[in-house]
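Chemist: This is the structure I want to talk about, given as structure tokens.
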Amino acid sequence: MPSYDEIKVYVETGQKDALLAGIHAALDQGQPAQEILQEGLIAAMDVVGAKMEAEEMFIPEVLRAAKTMEAGLEVLRPLLAVGDMKVSGTIVIGTVKGDLHDIGKNLVAMLLSSAGFQVTDLGINVEPAAFAAKVKETGADFVGLSALLTTTMPMMPATISALADAGVRGQVRVLVGGAPVTQSWADEIGADGYASDAGAAIKIAKELGALAG
Ligand code: B12
């Protein structure tokens with residue numbers, strides 16, 4: 001079985017076949033899918049981020065790493081058990097306007113869906129008004145906003161304003177997340193919940209759902 005360091009290198013260098021073989025070998029050895037995700041795939045993207053910042057990796061290589069990670073995620077997807085975290089409800093989720101990052105958002109959508117949520121994923125670069133229109137159309141319980149760039153974080157309060165303008169702010173709970181997002185940012189913009197990862201997103205959705213129910 002490859003070490004997590006080896007798995008990280010497979011993601012970073014875009015070695016898809018080696019990664020898939022490595023994940024299968026790790027699963028065969030009894031490694032938990034959640035641990036492979038966290039210590040292998042997500043940890044690899046942190047390395048990629050640092051190298052990107054240091055200009056040791058550039059967009060094409062980062063994209064290749066991202067695609068490789070997604071291929072690995074597909075193998076793990078059915079195994080990412082949610083245990084007793086079952087919730088129910090509906091959520092409209094997307095990456096805010098100007099932002100094209102979707103790996104984290106997809107992971108949150110995937111886990112919420114396996115936890116029992118009905119998920120409407122609007123994709124990337126979503127206009128504030130498009131979030132509001134979808135919430136209105138579906139009567140969703142939650143709206144999830146993802147932002148990975150400090151420059152796109154202001155689209156979160158802009159989206160909250162759009163929900164208010166559409167007259168649906170009172171009926172939907174707003175969850176925010178993404179690497180630069182914090183609890184204090186969530187408080188500042190009047191979001192209802194913040195989660196640092198997909199597991200925490202299910203937990204907070206459950207808590208807020210229970211509060212509302
Ligand atoms: C992959 C990547 C890319 C890929 C994206 C591919 C894709 N399909 O997503 C590409 C190459 C396209 C890209 C482009 C750019 N990127 Co980029 N990218 C990254 C990188 C390396 C990884 C992001 C990632 O996927 N992480 C793994 C996932 C699993 O983690 P996550 O997204 O944080 O999500 C988790 C949580 O945050 C949370 N979460 C996420 N969303 C939500 C939503 C809700 C509702 C909740 C509750 C929780 C939640 O749960 C998730 C799962 O656990 C990061 C570095 C990093 N470490 O974040 C830089 C990074 C985000 N990028 C950065 C930059 C600067 C850019 C560019 C501007 C580069 C350029 N010069 O063009 C462009 C911007 C393009 C745009 N307009 O969006 C900077 C941002 C700096 C900043 N603070 O603003 C970073 C931090 C890299 C760096 N250190 O410099 N990037």
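Chemist: Can you list residue pairs whose Cβ atoms sit under 6 Å apart, with the first residue in the range 121-135 being in a loop (DSSP other than H, G, I, E, B) and the second being of a type in the set (Phe, Trp, Tyr)? Count only pairs 6 or more apart in sequence or on different chains.
Modeler: Final answer for the pair search is none.
Chemist: Of all residues in the range 122-148, which are within 11 Å of the ligand (Cβ to nearest atom) and under 14 Å from the mean Cα position of the chain (by Cα)?
Modeler: Applying the first criterion (within 11 Å of the ligand (Cβ to nearest atom)) to the range 122-148 yields 123-125, 142-148.
Listed by number, the residues that qualify are Gly123, Ile124, Val143, Gly144, Leu145, Ser146, Ala147, Leu148.
Chemist: Here are the criteria: (1) outside the structural domain of Thr13 (by TED's automatic domain parsing); (2) surrounded by fewer than 20 Cβ atoms within 10 Å (Cβ to Cβ); (3) in a helix (DSSP H, G or I). Tell me which single one Pro60 does not satisfy.
Modeler: In the conditions (1) outside the structural domain of Thr13 (by TED's automatic domain parsing); (2) surrounded by fewer than 20 Cβ atoms within 10 Å (Cβ to Cβ); (3) in a helix (DSSP H, G or I), Pro60 misses (1) alone.
Chemist: Which of the residues spanning the range 171-200 are loosely packed, with under 14 Cβ neighbours inside 10 Å and small (Gly, Ala, Ser)?
Modeler: Within the range 171-200, Ser184, Gly190 qualify.
Chemist: Tally up the residues in the range 165-189 that are farther than 14 Å from Phe142 by Cα and either outside any loop (DSSP other than H, G, I, E, B) or away from the ligand (no atom under 11 Å from the Cβ) (or both), please.
Modeler: Here is the first cut: in the range 165-189, the ones farther than 14 Å from Phe142 by Cα are 165-167, 178-189.
Going one step further and asking which of them are either outside any loop (DSSP other than H, G, I, E, B) or away from the ligand (no atom under 11 Å from the Cβ) (or both), we end up with 165-167, 183-189.
Qualifying residue count for the region: 10.
Chemist: Look at Ala201 and say whether it is at pLDDT below 95, near the ligand (Cβ under 7 Å from one of its atoms) and under 24 Å from Gly49 (Cβ atoms). It would help to see each step written out before you state the result.
Modeler: Details: at pLDDT below 95: yes; near the ligand (Cβ under 7 Å from one of its atoms): yes; under 24 Å from Gly49 (Cβ atoms): yes.
Judged against the criteria, Ala201 is a match.
Chemist: (1) more than 30 Å from Val168 (Cβ to Cβ); (2) in a loop (DSSP other than H, G, I, E, B); (3) within 12 Å of the ligand (Cβ to nearest atom): which one isn't true of Gly30, the others all being true?
Modeler: (3)
The values are calculated or read from the model by the stated rules, or taken from the named source; none is laboratory data. Quick caveat, the model's predicted, so the values are computed rather than measured. Using ideal geometry, Cβ is built from the backbone for each residue, glycine included, and neighbour counts are taken over all protein chains shown.
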